[in-house]
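Worksheet: one structure, shown below.
The values are calculated or read from the model by the stated rules, or taken from the named source; none is laboratory data. Since we're looking at a predicted model, the values are computed, not measured. Using ideal geometry, Cβ is built from the backbone for each residue, glycine included, and neighbour counts are taken over all protein chains shown. For the accessible areas, the whole protein counts, side chains as well, though only heavy atoms, and no ligand, DNA or RNA atoms are used. Shrake-Rupley method; radii C 1.70, N 1.55, O 1.52, S 1.80 Å.
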Amino acid sequence: MTPQQFTTIRDLLRYAVTRFNSAKLFFGHGSANALDEAAYLILHTLHLPLDHLEPFLDAHLLPGECDAVLRIIEKRAVERIPAAYLTNEAWLGTYRFYVDERVIVPRSFIAELIPEQFSPWLLLGNDVGHILDLCTGSACLPILMADAFPKAHIDAVDISPDALAVARRNVDDYALQDRITLVESDLYSRLPPQKYDLIISNPPYVNAGSMEKLPQEYRHEPSLALAGGQDGMDLVRKIIAGAKQRLRPDGVLIIEIGNERAHAEAAFPDLELTWISTSAGDEMVFLLTAEQLK
């Protein structure tokens, strides 16, 4: 198709939806379907408000604008690059983050729990002093927590220096350098002897069988941030083992494990995991208390 064959955003939107559906793209990085992703990519490319499609649907576009939109539509369809990498941005709620292929695209059910301060499990509320985020990636969760816990200092840990470079950009964008400390470390290994009121982690948890079947879109993400070993629990075991030395007496540990509940329960048969309800159900996030880990 050529730019001259399109005149309005409505034309491009229809074409993009058809192109994405015919290419059988996978949508798991912010958009749930071809229409939402097409609208996002078109509005972003044209520098229009992302939440105001309707007023612009019948706006006539210049040939250069059509060409720019068509190029990004084709790149998404042919190379199957997640939209967030094409635009270098991802959203969690109202929070925007810079992303590129050095980090996985931010997505976390833990984010849903932060505005309520993990109530009723975490009793300190606004008095939370120290938080640890393991496998921080882009630092999206520490940034959300800095707003939700006004007195807290957050240590954000990742083993990847590339991921921490992206995290640094996001922390700087939100001017949270005094509240969030980025640490290059293999989990707890290079942390100071600090104890925490709250430890969270959205670690690599995809089991080996599922890694082999991932859609092509996920293969653009760093495998280091996805692969969790044979049963997906390699890092989860280490996180739980180290948490009992790092939590304060009334502290809690919260871990996201995606669709791996069966593997988690098999890996920790002696622990009574508390499964927290999220928009995806009761199988994505579990909690353990410091008392349980003694």
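For this structure, a couple of remarks:
- Tilt relative to the chain, helix 63-79 - C-alpha long axis, 0 to 90 degrees, to 10: 50 degrees
- Between helix 234-243 and the chain there is an angle of about 40 degrees, using the helix long axis and the longest principal axis of the Cα atoms.
- Potential lengthening of the chain between E116 and T274 amounts to 55.2 nm, from the contour at 0.36 nm per residue minus the alpha-carbon distance.
- Compared with the dominant principal axis of the Cα atoms in the chain, helix 34-45 is inclined by about 80°.
- Partner lysines whose Cα lies under 27 Å from the Cα of K244, excluding those fewer than 8 positions away in the same chain, are identified as K151, K195, K294.
- Where labels lie 7 Å past Cα in the beta-carbon direction, separation of L50 and R248 in nm: 3.5 nm
- Taking packing as the residue-averaged number of other Cβ atoms within 10 angstrom, the listed peptides 242-250, 142-150, 157-165 run from highest to lowest as 142-150, 157-165, 242-250.
- Rounded, prolate or oblate (a/c below 1.5 giving rounded, otherwise prolate when a/b exceeds b/c) for region 166-249 by Cα gyration tensor: oblate
- Protein accessible area in the chain, 1.4 Å probe - carbon and sulfur %: 52 percent
- Taking 0.36 nm per residue of separation and subtracting the Cα-Cα distance, full extension of the segment from K213 to R168 would add 13.0 nm.
- Length added when fully stretched, N88-K24, from 0.36 nm per residue minus Cα-Cα: 20.8 nm
- Here is the result for region 162-246: no chymotrypsin sites (Phe, Trp or Tyr not before Pro) lie in DSSP coil with at most 16 other C-beta atoms within 10 angstrom of their C-beta.
- Label-point separation in nm, H60 to N33, each point 7 Å along Cα→Cβ: 3.2 nm
- The distance between label points at D127 and R14 comes to 6.2 nm (points 7 Å beyond Cα on the Cα→Cβ vector).
- Accessible surface, the chain, averaged per residue in Å² (probe 1.4 Å): 46 Å²
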